[in-house]
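The values are calculated or read from the model by the stated rules, or taken from the named source; none is laboratory data. For clarity, every value in this text was computed on a predicted model and none was experimentally measured. Here the Cβ is made from the backbone with ideal geometry for all residues, glycine too, and neighbour counts use every protein chain on show. SASA here: full protein model, heavy atoms, side chains in, ligands and nucleic acids out. Shrake-Rupley method; radii C 1.70, N 1.55, O 1.52, S 1.80 Å.
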Amino acid sequence: MQLTQKKRQRTDLLTVAAVAALFVVMAALLYTGHLTRQVTNMLVPVAVYIVMAVSLNLVVGLLGELSLGHAGFMSVGLFSGCLVAIALHTTALPLGVRAGGLMAAVFGLLVGLPALRLRGDYLAIVTLACGEIIKNIITNLNITGGALGLDTSSIYAGAKDLLP
């Protein structure tokens, strides 16, 4: 029993070391300008998908619950963070990210507290329904731009001066 636990700890330590090494290499390549524009533009979506995969692994893999509402909570965080940035007319990324994370956490708690009393298929149905409800609300709200999406031109209006 202890042998398998030590082997698992060693494997986990190697995984953490590999991820840290990959992060250091990518950061060095990014900040020295050795990455192409295409790879640089893909780093943010890749990081978002990694965070989403880790959160799904925590809920489904570690806890054993089948939750299908992650995309809904991610969209709440996305739109609230973007709305904060638009309201401030700035590309204040840390403030928008914090606001988006806070709103996603609040909505996750509002849905999660009653829904986590359910088990199995019922939890999956409730979280899937919440994700669809969030999608329909965002699509039909005027503040989110409806089906056309957000108008972010106010954020990038001052960025024209920065372009060559």
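Here are the numbers:
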{"quantity": "Gaussian network model of the chain, Cα within-10 Å springs - most flexible of Asn140, Asn57, Asn41", "calculated": "Asn41"}
{"quantity": "Dipole magnitude of the chain, debye to nearest 20 (Cβ charges: Lys/Arg +1, Asp/Glu -1, about Cα centre)", "calculated": "540"}
{"quantity": "Accessible-area composition of segment 1-159, carbon plus sulfur, in percent [1.4 Å probe]", "calculated": "72"}
{"quantity": "Kirkwood Rh in Å, taken over all unlike Cα pairs in segment 1-43", "calculated": "12.3"}
{"quantity": "Among Leu141, Leu22, Leu63, residue whose mean-square fluctuation peaks in a GNM of the chain (springs only between Cα atoms under 10 Å)", "calculated": "Leu22"}
{"quantity": "In sequence order, calculated HN-Hα J values of segment 44-54 (Karplus, 6.51, -1.76, 1.60; Hz; x Gly/Pro)", "calculated": "5, x, 5, 5, 5, 5, 5, 4, 5, 5, 5"}
{"quantity": "For segment 7-29 versus segment 58-126, the gap between their alpha-carbon centres in whole angstrom", "calculated": "27"}
{"quantity": "Per residue accessible area in Å² of segment 1-150, where ligands, DNA and RNA are left out and the probe is 1.4 Å", "calculated": "75"}
{"quantity": "Candidates per trypsin sites (Lys or Arg not before Pro) in segment 47-130, loop by DSSP, up to 13 other Cβ within 10 Å", "calculated": "Arg117, Arg119"}
